[in-house]
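Values quoted throughout were computed directly from the atomic coordinates according to the rules given, and no laboratory measurement underlies them. Note that the coordinates shown come from a computational prediction; the quantities given were computed from them, not determined experimentally. Quick reminder, even Gly has a Cβ in these numbers, built from the backbone with ideal geometry, and neighbours come from all protein chains shown.
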């Protein structure tokens with residue numbers, strides 16, 4: 001599913017180079033996130049009897065080696081994934097693993113699921129019966145290597161809006177915290193743009209958050225992109241709560257309430273992060 005990501009050609013090459021499988025590529029391009037999710041769902045529905053497996057790749061993902069797809073299929077079979085196997089990708093924004101690689105079993109119709117959620121565009125995938133691996137020793141895809149400013153802004157917008165919609169215990173806060181930590185180590189234009197997107201998605205940016213902000217034709221998105229590309233994102237982020245000590249905690253508290261409730265949510269986040277780090281030492285895809 002492509003929307004101008006600079007990694008598209010590299011990602012397509014990584015798929016065409018897969019060994020031990022026969023793969024057909026279909027690029028869904030030029031659609032908004034919701035429409036692209038609907039198109040992917042329809043494509044799988046229409047072709048379900050023709051393929052053993054479907055791999056959903058965003059255009060900013062690159063498979064790590066020629067055995068990646070065969071490795072994912074073996075893992076799904078070994079674990080008994082009924083309809084879906086979701087595995088982590090190595091993400092450049094967080095310098096960590098995040099979930100996002102979906103392998104969907106073919107040969108049978110999919111169970112009913114909503115493909116038109118304007119914020120959680122992949123909710124129909126999560127609704128499928130299957131298995132999610134939260135951390136692994138050997139993730140099989142890279143996410144957003146050499147990210148540019150537009151895709152970094154979209155990445156941040158999606159995480160911010162999902163964190164706001166998901167509430168104080170949303171796992172998206174884990175990702176936001178990791179992006180902030182990465183930004184503190186290396187303040188690149190791409191990470192500035194990602195945090196500008198996060199702040200905007202959480203309602204703390206220069207424009208109001210809404211679903212169409214992830215589409216570059218939206219007036220608000222055009223304004224944000226111009227600010228990110230002319231260097232304005234850096235000063236905005238540097239002046240925000242996220243740039244201060246305990247920045248994630250401060251922003252979380254300002255959105256959701258009392259210090260005690262925020263402390264509980266942040267403690268739960270740290271526990272999830274620790275569990276994921278421990279799982280990487282055990283899980284093998």
Fill in the blank from the handout: With the 8 Å Cα cutoff and a minimum separation of six or more residues, the chain has a relative contact order in percent of 18
Problem - Pairwise FRET efficiency - residue 243 versus residue 123, Cβ, R0 = 35 Å, nearest 0.05 - result: 0.65
Completion exercise
Per the rule of 0.36 nm per residue minus the C-alpha distance, extending residue 24 to residue 185 adds in nm 53.9 nm
Exercise for the section: Can you tell me the 0 to 90 degree angle between the C-alpha axis of helix 149-166 and the longest principal axis of the chain, rounded to 10? Expected result: 80
Handout entry: Principal-axis tilt of helix 33-47 within the chain, Cα atoms, nearest 10 degrees
Key = 10
Completion exercise
Whole-Å distance linking the alpha carbon centroid of segment 14-72 with that of segment 199-227 is 29
Practice task
Counting other beta carbons within 10 Å of each Cβ, put 102, 20, 210 in order, fewest first.
Solution key: 20, 210, 102
Problem - Label zone at residue 131, where the point sits 7 Å out along the Cα-to-Cβ direction: segment 15-56 residues whose backbone N lies under 19 Å - result: 52-56
Practice task
Any chance you could give the angle, 0 to 90 degrees and rounded to 10, that helix 247-256 forms with the longest Cα principal axis of the chain?
Solution key: 90
Practice task
Kindly put 262, 129 in sequence by how many other C-beta atoms sit within 10 Å of each C-beta, fewest to most.
Solution key: 129, 262
Practice task
Work out, step by step, the length gained on full extension between residue 268 and residue 13: first 0.36 nm times the residue separation, then minus their alpha carbon distance; give nm to one decimal.
Solution key: 87.8 nm
Exercise for the section: Give the percent of DSSP beta bridges with both residues in segment 8-143 that are antiparallel, rounded to the nearest 5. Expected result: 75
Completion exercise
The relative contact order of segment 8-143, taking Cα pairs under 8 Å that sit 6 or more residues apart, comes to a percentage of 32
Completion exercise
Most exposed to least, judged by fewest other Cβ atoms within 10 Å, 16, 152, 68, 265 sort to 16, 265, 68, 152
